[in-house]
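A quick write-up on the structure given underneath.
The values are calculated or read from the model by the stated rules, or taken from the named source; none is laboratory data. Here the structure is a predicted model, which means the values were calculated and not measured. Note: ideal-geometry Cβ built from the backbone for every residue, glycine included; neighbour counts use all protein chains shown. Heads up: the accessible areas ignore ligands, DNA and RNA and are worked out on the full protein's heavy atoms, side chains in. Shrake-Rupley method; radii C 1.70, N 1.55, O 1.52, S 1.80 Å.
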Amino acid sequence: AQKITQTQPGMFVQEKEAVTLDCTYDTSDPSYGLFWYKQPSSGEMIFLIYQGSYDQQNATEGRYSLNFQKARKSANLVISASQLGDSAMYFCAMREVVGSWGKLQFGAGTQVVVTP
Amino acid sequence: EAQVTQNPRYLITVTGKKLTVTCSQNMNHEYMSWYRQDPGLGLRQIYYSMNVEVTDKGDVPEGYKVSRKEKRNFPLILESPSPNQTSLYFCASSLSMGGSADTQYFGPGTRLTVL
């Protein structure tokens, strides 16, 4: 069964606007971590932001923030003030504590194109 | 600079010719892992290692071998590559296996083509 679901295959956003990338997850483990990675066209995987299942506050890292709604099992990424360099594929991933042996489980990704 | 390095970055080879993709991290991480990324299939874990001399299979281990003789290095070995192993390969490392908070940092990726 798919553990991480990203329903938006692709989206366009205008420079300087905010964009929200959707991510829902499925787990019965009470302890887990949620991560977002950025993959530009050059191919590398860049860590953006982390949210723990027990964290009370939403995580923020610069222009990135994570809208964590635990009851809905959603962890949406918000990029504020988009820049041309934000054009990339974005992956949501989850790491469970029990039984996953440290494995990151990834969603299918959302392709973001920032236009001038 | 804290980083995960992989070599080579690009490789074109032929079926059956043994190859090794090296991975090294300088963060003293215990946990290391290999993933492959394929269109439509996303990233899937091949093998992982919890520490020196401790390795185990991930979701797609067939056709691959690994070793962890030193903490910093975790090479991926393809004894007899086949075209279905054409993929983008990532090595990743994190401080440990057990914590949900342990961020996995990825190497730059290796694009492998098997003809």
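For peptide A:93-106, how many partner chain Cβ atoms fall within 10 Å of a residue's Cβ, on average?
6
Using θ = phi - 60° and the Karplus relation 6.51 cos²θ - 1.76 cosθ + 1.60, list the HN-Hα couplings for the range A:16-21 in order, rounded to whole Hz, with x at every Gly or Pro.
With the stated coefficients, the range A:16-21 comes to 6, 8, 8, 9, 10, 9 Hz.
Roughly how big is the A-B contact, given as buried accessible area in Å² (both sides, 1.4 Å probe, nearest 100)?
1800
So what J values fall out for the range A:24-34 if you push phi through Karplus, 6.51 cos²θ - 1.76 cosθ + 1.60 with θ = phi - 60°, rounded to Hz, Gly and Pro as x?
Values, residue by residue: 10, 9, 9, 7, 10, 6, x, 10, 7, x, 10 Hz.
Keeping every protein chain present and rolling a 1.4 Å probe, give me the accessible area per residue for chain B in Å².
46
For A:Ala108, which sequence-distant residues (separation of 5 or more, or a different chain) have an amide H within less than 5 Å of its own amide H, given hydrogens modelled in the peptide plane?
The answer is A:Gln6.
Per residue of B:50-63, how many C-beta atoms from partner chains lie within 10 Å of its own C-beta, taken as a mean? Please list the in-between numbers first.
On the way: counts 2, 0, 0, 0, 0, 0, 2, 1, 3, 2, 0, 0, 0, 0.
What the average comes to for B:50-63 is 1.
Percent relative contact order of chain B, based on C-alpha pairs within less than 8 angstrom and at least six residues apart?
Numbers: 302 pairs, mean separation 41.2, N = 115.
Computed value for chain B: 36 percent relative contact order.
Give me the accessible area of B:Lys65, 1.4 Å probe, in Å² rounded to the nearest 10.
The accessible area comes out at roughly 100 Å².
Whenever you get a sec, line up A:Val78, B:Val14, A:Val114 from highest to lowest accessible area (probe 1.4 Å, protein heavy atoms).
So, going from the largest accessible area down, we get B:Val14, A:Val78, A:Val114.
Please report the accessible area of B:Glu70 (heavy atoms, 1.4 Å probe, ligands and nucleic acids excluded) in Å², nearest 10.
100
What's the carbon and sulfur percent of chain A's accessible surface, probe 1.4 angstrom, rounded to a whole number?
52
Give the lysines reachable from B:Lys69 as a straight Cα distance under 30 Å; neighbours fewer than 8 places away on the same chain don't count.
A:Lys103, B:Lys17, B:Lys18, B:Lys57
Amide H of A:Met89 versus every other amide H placed in the peptide plane: which residues, excluding those fewer than 5 positions away on the same chain, fall under 5 Å?
When sequence neighbours closer than 5 places are left aside, the close amide H contacts are A:Gln39, A:Val112.
In peptide A:30-37, how many Cβ atoms from other protein chains are near each Cβ within 10 Å, on average?
3
Over chain B, with every protein chain in place, what whole percent of the accessible area is carbon and sulfur at 1.4 Å, could you tell me?
It is 52 percent, rounded to a whole number.
How would B:Arg9, A:Arg72, B:Arg68 line up by accessible area, probe 1.4 Å, largest first?
Of B:Arg9, A:Arg72, B:Arg68, the descending order of accessible area is A:Arg72, B:Arg9, B:Arg68.
Quick one: how many Å² of A:Ser42 are accessible to a 1.4 Å probe, rounded to 10?
Here the residue's solvent-accessible area equals roughly 60 Å².
Under a 10 Å cutoff between Cα atoms, tell me which one of B:Pro83, B:Pro61, B:Pro39 has the largest fluctuation in the Gaussian network model of chain B.
Sorting by GNM fluctuation, first place goes to B:Pro39.
Any chance you could check the Cα centroid distance between the range A:17-36 and the range A:42-105 for me, in angstrom?
For the range A:17-36 versus the range A:42-105, the Cα centre distance is 6 Å.
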